[in-house]
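The values are calculated or read from the model by the stated rules, or taken from the named source; none is laboratory data. Keep in mind it's a predicted model, so treat the numbers as computed, not measured. Note that we place each Cβ from the backbone using ideal geometry, even for glycine, and neighbour counts take in every protein chain shown. Just the protein is used for accessible areas: all its heavy atoms, side chains included, with ligands, DNA and RNA removed. Shrake-Rupley method; radii C 1.70, N 1.55, O 1.52, S 1.80 Å.
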Amino acid sequence: MSRRRTLSTRKKVALLVSAAAVAGGGAFAMAGTSNASQGPQTAAQSTVCQGLATALGNNQRFIEGQRAAPDAQSAARIANREAVIAQIKVQQKASGCVVGESAQGSQTATGQPAPAAPTSAPAATQAPPAGNAASGQRVCNGSTVTLSGEAGAPAASSNQFPVGTKLKVTNLDNNKSTTVEVTSASGSCALLNNAAFEQVREPGKFLIRRAVIEKVG
């Protein structure tokens, strides 16, 4: 009788282990299915994420420049841009992007240089329709344009033009343009604040790939 009880107990333990293994395998399969069901980003979401990554990278680059060559206002500028970066990360999370993903300068989030704007296209595609401000000297060919995330009246920041310079930015995808004054330094040719970017953006997009940037005045 004692031997039968022992065998019976061992069989029960074996059955419990087998059941646990099956349950664990099922849980793993369910987790795998759940991850696979998320799928790749949509084209629209990818565009939004690229724009946010570029904006984040531009602000990070600006902070690096301020730390490398600080002046009396650097601490305040850095604090401002760190607040902007925090807000961009909130937007990345809300948009389903990788939080903290960064792309600097005129490169896309994949690290590939943005395509250069055409230099010999007809005038109709190079300038906005009649009625807008006069064209100026074209600069920064091939640069993409994104937003800094900063509030305030329409303005721009630049790594090539001093404060007070007026830049005209035209979005060739919708023929909208804005002329703004450079008010601070940044890590790209033309970085628009929220108000200026809103004047030329396409709905839902945070990056202007086909842009014409002109120095006017």
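Numerical summary
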{"read-out": "Residues satisfying the stated conditions in segment 83-107, i.e. closer than 26 Å to Cys140 by Cβ, over 11 Å from the mean Cα position of the chain (by Cα) and either at pLDDT 85 or above or hydrophobic (A, V, I, L, M, F, W, C) (or both)", "value": "Val84"}
{"read-out": "Cβ pairs under 6 Å, 6+ apart, first in segment 68-95 and touching a residue at least 12 places away in the same chain (Cβ under 8 Å), second open to solvent by less than 70 Å² (accessible area, probe 1.4 Å) and aromatic (Phe, Trp, Tyr)", "value": "Arg81/Phe62"}
{"read-out": "Residue that is most open to solvent (accessible area, probe 1.4 Å) [pool: residues in segment 197-210 that are under 11 Å from Leu147 (Cα atoms) and among the charged types (D, E, K, R)]", "value": "Glu198"}
{"read-out": "Residues that are of a type in the set (A, V, I, L, M) and modelled with pLDDT of 95 or more, drawn from segment 157-171", "value": "Leu167, Val169"}
{"read-out": "Residue ID - modelled with the lowest pLDDT, chosen from residues in segment 177-186 that are surrounded by fewer than 22 Cβ atoms within 10 Å (Cβ to Cβ) and under 20 Å from Ile85 (Cβ atoms)", "value": "Ala185"}
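Every residue, every condition in (1) under 18 Å from the mean Cα position of the chain (by Cα); (2) among the hydroxyl-bearing types (Ser, Thr, Tyr); (3) surrounded by fewer than 21 Cβ atoms within 10 Å (Cβ to Cβ), yes or no:
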| residue | (1), (2), (3) |
| --- | --- |
| Val163 | no, no, yes |
| Lys168 | no, no, no |
| Ala195 | yes, no, yes |
| Val212 | no, no, no |
